[in-house]
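Visitor: Would you mind keeping the following structure in view while I ask a few things?
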There are 2 protein chains.
Amino acid sequence: MSAQSDNHAVLCEQLKACDVRPTPQREVVLKSILEKRDHPTADEVFARVKATMPSISLATVYNCLETLVSCGLVRSVNFERGPTRYCPNLHPHAHFHDVASGATHDIDLPESVLAKIKSVLPPGYAADSVEIVFRGKATPSARN
Amino acid sequence: MSAQSDNHAVLCEQLKACDVRPTPQREVVLKSILEKRDHPTADEVFARVKATMPSISLATVYNCLETLVSCGLVRSVNFERGPTRYCPNLHPHAHFHDVASGATHDIDLPESVLAKIKSVLPPGYAADSVEIVFRGKATPSARN
DNA sequence: GTAGTAATTAGAATTATTCTAATTACTGAT
DNA sequence: ATCAGTAATTAGAATAATTCTAATTACTAC
């Protein structure tokens, strides 16, 4: 339990800083994502969160996730048509989707590469975001 | 109607070259994608194809699209959790998703940029494919 | 021409997500 | 503190895209 994710006051501050009312549900959903550095689906978040808040509903989990994504505290990622996954890593990064294990790895994106990627856009195209997804196989030693 | 997409024999050859039986349904589905250089959904392909083959079923359209994608004659693209779209452009390219209009534009990817992108992968990561999706707004003049 | 396999089909089933309408919990003004 | 108004939560129904199922039809090779 890092001070970052386990502390009630810190989570509240993060939410308030985004102009979001710090409800217990939002806190516990945010905490469940920040504390594990993986890429859970809404269902997985629901399962985790029920451990500490058994009364929470799936609809609320969806609502909280949507709120957290739109205020920028978590990111969402999609692989093909699979269920949306949620990502605590806010630094610019790509995703590597291991088809063998189903696991998702964050791949750091240096500023220079990001700049090179954006340079492919012809004039008239204004991008708010870029999503880069690799698909392939990672050796077991390549852990994240 | 280009010779590429409108010719029965050419379509057959493309399918046979992939070890896929050239059925009338597969031909007409492939043709409907090749002839328009856009990014239709399965439903849109279904609608187009019914014009020339009213008896075709949606399940068959899905089956044909799956076959065509897995033999590499068309590509599939996804934007968030939206319906899968199909793309006739087989050259390496990124996609620009215009949030205002919903339109999708192909963005050519020079080999040098592709190489730079792949260079971010640490050892142990073997990527079969990379998907690059920009989200933003394109000026009306930026036509594809 | 027939047996065996592959493709197509209609409709049911599934999955992830969103919507609806009701309840509960806050907030700010008094 | 009290109350009105708004925001958040909830359970369950509804939706959308896709996949599955089981039956039929069409090929292919002998």
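The values are calculated or read from the model by the stated rules, or taken from the named source; none is laboratory data. The structure displayed is predicted, hence computed values, not measured ones. When we count neighbours, we look across all protein chains shown, and the Cβ atoms used for this are built from the backbone with ideal geometry, even at glycine. For accessibility, only protein heavy atoms count, side chains too; no ligands or nucleic acids. Shrake-Rupley method; radii C 1.70, N 1.55, O 1.52, S 1.80 Å.
Visitor: Whether any residue in the stretch A:84-97 is open to solvent by 60 Å² or more (accessible area, probe 1.4 Å), more than 9 Å from every other protein chain (Cβ to nearest Cβ), touching a Leu at 6+ places or on another chain (Cβ under 6 Å) and within 28 Å of residue A:30 (Cα to Cα) is what I want to check.
Guide: yes
Visitor: Are any residues in the stretch A:24-52 of a type in the set (A, V, I, L, M, F, W, C), loosely packed, with under 15 Cβ neighbours inside 10 Å and either within 12 Å of DNA strand D (Cβ to nearest atom) or closer than 24 Å to residue A:101 by Cβ (or both), and if so, which ones?
Guide: A:47
Visitor: Just to check your reading of the model, which residue among B:20, B:49, B:10 is touching a Ser or Thr at 6+ places or on another chain (Cβ under 8 Å) and either of a type in the set (D, E, K, R) or part of a helix (DSSP H, G or I) (or both)?
Guide: Being touching a Ser or Thr at 6+ places or on another chain (Cβ under 8 Å) and either of a type in the set (D, E, K, R) or part of a helix (DSSP H, G or I) (or both) holds for just one of B:20, B:49, B:10, which is B:49.
Visitor: What pairs come up if the first residue lies in the stretch A:54-79 and is in the same structural domain as residue A:28 (by TED's automatic domain parsing), the second is within 11 Å of DNA strand C (Cβ to nearest atom) and of a type in the set (Asp, Glu), and their beta carbons are under 8 Å apart, counting only those six or more places apart or on different chains?
Guide: Once the first residue is in the same structural domain as residue A:28 (by TED's automatic domain parsing) and sits in the stretch A:54-79, its partners that are within 11 Å of DNA strand C (Cβ to nearest atom) and of a type in the set (Asp, Glu) give A:58/A:43; A:76/B:80; A:78/B:80.
Visitor: Go through the stretch A:59-71 and report how many residues are open to solvent by 40 Å² or more (accessible area, probe 1.4 Å) and more than 7 Å from DNA strand D (Cβ to nearest atom).
Guide: Residues that pass the stated criteria total 4.
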